[in-house]
1. Across region 155-209, what is the total count of residues that are assigned to a loop (DSSP other than H, G, I, E, B), hydroxyl-bearing (Ser, Thr, Tyr) and touching a helix residue (DSSP H, G or I) at 6+ places or on another chain (Cβ under 6 Å)?
2. Mind listing just one residue for me: the one in region 345-382 that is part of a loop (DSSP other than H, G, I, E, B) and of a type in the set (A, V, I, L, M, F, W, C) and, of those, nearest to the ligand (Cβ to nearest atom)?
3. Within region 126-136, is even one residue at pLDDT 95 or above, under 30 Å from Leu229 (Cα atoms) and either in contact with a His (Cβ under 6 Å, 6 or more places away or on another chain) or among the charged types (D, E, K, R) (or both)?
4. For the structure I just gave you, tell me whether Glu286 is without any contact (Cβ under 8 Å) to a residue 12 or more places away in the chain, away from the ligand (no atom under 16 Å from the Cβ) and closer than 28 Å to Glu160 by Cβ.
5. What tally of residues in region 309-344 results from selecting those that are hydrophobic (A, V, I, L, M, F, W, C), more than 16 Å from the ligand (Cβ to nearest atom) and buried (at least 16 other Cβ atoms within 10 Å of the Cβ)?
6. Within region 348-371, track down each residue that is in contact with a strand residue (DSSP E or B) (Cβ under 8 Å, 6 or more places away or on another chain) and within 27 Å of Phe29 (Cβ to Cβ).
7. Of all residues in region 226-284, which are of a type in the set (Asp, Glu) and farther than 23 Å from Ala180 by Cβ?
8. Only one of Val92, Val87, Val152 is of a type outside the set (Asp, Glu) and in contact (Cβ under 8 Å) with a residue 60 or more places away in the chain. Can you tell me which?
Amino acid sequence: MYSKEMLSSTDLPYNEPEIDAVFLSHAHFDHVTHIQFLDPKIPIYVGVGTKLLMESLEETSGFCNYGEHECHKFRTKHKIIIDDITVEPVHVDHSIPAAYGFIIHTSEGSVVYTGDLRMHGPRKDLTEDFMEEAEDCEPIALICEGTRMVDVEKRKNYSEDQVKQLTDNVVSSTSQMVFAMRYSRDLDRFRSFYEVAKKNGRQIVISPKTAYLLSKLLDDEHLDLPDPLKDNCILVYYKRKKSGLFDERDYYPWERKFMNKMVTHDHVHKNQSKLLMDLDFYQFTELIDIKPKPGSQFVHSMSEPFSEEDIEDEVMRNWIDHFEIHFHQLHASGHMNKEQLVQAINHIQPKRVFPVHTENQQLFKKYCNNVQVLERETQYLL
Ligand SMILES: [Zn+2]
């Protein structure tokens with residue numbers, strides 16, 4: 001399955017691919033990045049929105065290249081025939097747009113793969129659609145994600161609605177600057193912050209990268225996201241680069257498109273009470289120029305660190321303490337928790353369960369029947 005190019009620096013021999021197609025569930029890095037290793041002779045199948053997310057990454061990141069595959073786009077409930085099997089993608093709610101699970105119809109019965117999914121997001125109806133289809137096909141196998149299949153969850157998780165409400169509490173009770181940090185392609189979170197800003201008479205300040213992604217996703221009418229060039233609530237933050245004079249030539253061609261929505265550190269400094277600004281980890285140095293007033297607010301809307309020795313977390317805390325900014329941890333996960341997973345599996349009632357995307361396969365056994373704990377390089381016949 002590997003491309004010649006990827007194998008060239010190994011001692012593995014190249015073989016013609018024996019795989020007819022690869023289906024991609026969604027554009028998170030732990031899924032999509034593997035595409036770059038694939039032999040370009042293997043066609044790939046992706047959701048319409050996922051293709052836009054992939055293009056946006058290739059165009060703006062400088063390190064993504066998914067290769068020249070024959071690429072087929074699907075929408076929910078399309079039926080795609082590959083030899084003897086039919087693959088049916090069904091939309092699910094996850095922390096990135098255009099996420100899918102798959103129902104694979106074979107002569108021996110149906111195999112269901114969940115992809116990554118959740119029940120507490122703004123589009124839980126999508127996951128419910130998937131569950132219904134999965135149950136109806138009486139699957140002989142369920143390949144199930146288990147990111148949050150853990151004994152005790154230490155990290156606090158809200159629903160997307162709670163994140164929005166609690167962020168609104170922060171914003172509505174301050175006249176200072178509000179910063180927010182989120183996963184760049186979590187557009188449900190973007191929408192939550194955008195709506196909170198609007199409700200409180202503030203404008204939202206985003207990076208050129210986010211503006212580019214939003215303008216790209218306008219091509220998918222199902223996503224219903226605002227147009228950064230037309231929406232008065234959206235401003236685009238330009239860092240000083242090269243000449244330091246905010247000259248058009250200082251920026252990549254894809255960044256230039258939004259320059260008439262440009263604000264700089266100076267504008268942000270002067271309008272602290274009227275803005276809600278996206279601030280990612282690599283933008284903390286901008287605080288030196290923005291000079292936020294002490295008592296500004298910071299909403300950390302990502303997972304809490306996995307360990308107490310997390311270097312990035314320490315660096316972030318140092319920046320925040322230095323500028324005397326108040327810290328709030330408000331995040332909704334992209335995944336079902338243990339109770340929801342167990343409920344979903346027992347509801348679908350598959351003949352066999354194959355846990356994937358988890359550190360805790362054994363725990364599935366404790367709560368569900370017919371669980372097959374997977375071992376490396378072992379084949380399982382259905
Ligand atoms: Zn994911």
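1. Number of matching residues: 1.
2. Within region 345-382, the match that is nearest to the ligand (Cβ to nearest atom) is Leu374.
3. yes
4. Details: without any contact (Cβ under 8 Å) to a residue 12 or more places away in the chain: no; away from the ligand (no atom under 16 Å from the Cβ): yes; closer than 28 Å to Glu160 by Cβ: yes.
So Glu286 fails the test.
5. Keep residues of region 309-344 that are hydrophobic (A, V, I, L, M, F, W, C), which gives 311, 315-316, 319-320, 323, 325, 327, 330, 332, 336, 341-342, 344.
Going one step further and asking which of them are more than 16 Å from the ligand (Cβ to nearest atom), we end up with 311, 315-316, 319-320, 323, 325, 327, 330, 342, 344.
Then drop every residue that is not buried (at least 16 other Cβ atoms within 10 Å of the Cβ), which leaves 316, 319-320, 323, 325, 330, 342, 344.
Selection size over region 309-344: 8.
6. Once the filter is applied, which keeps residues that are in contact with a strand residue (DSSP E or B) (Cβ under 8 Å, 6 or more places away or on another chain) and within 27 Å of Phe29 (Cβ to Cβ), region 348-371 yields Val353, Phe354, Pro355, Val356, His357, Thr358, Gln361, Phe364.
7. Correct list: Asp247, Glu248, Asp250.
8. Among Val92, Val87, Val152, only Val87 is of a type outside the set (Asp, Glu) and in contact (Cβ under 8 Å) with a residue 60 or more places away in the chain.
The values are calculated or read from the model by the stated rules, or taken from the named source; none is laboratory data. What you see is a predicted model; the values in this text were computed from it and never measured. Positions of Cβ are generated from backbone atoms using ideal geometry, with glycine treated the same way; all protein chains shown enter the neighbour counts.
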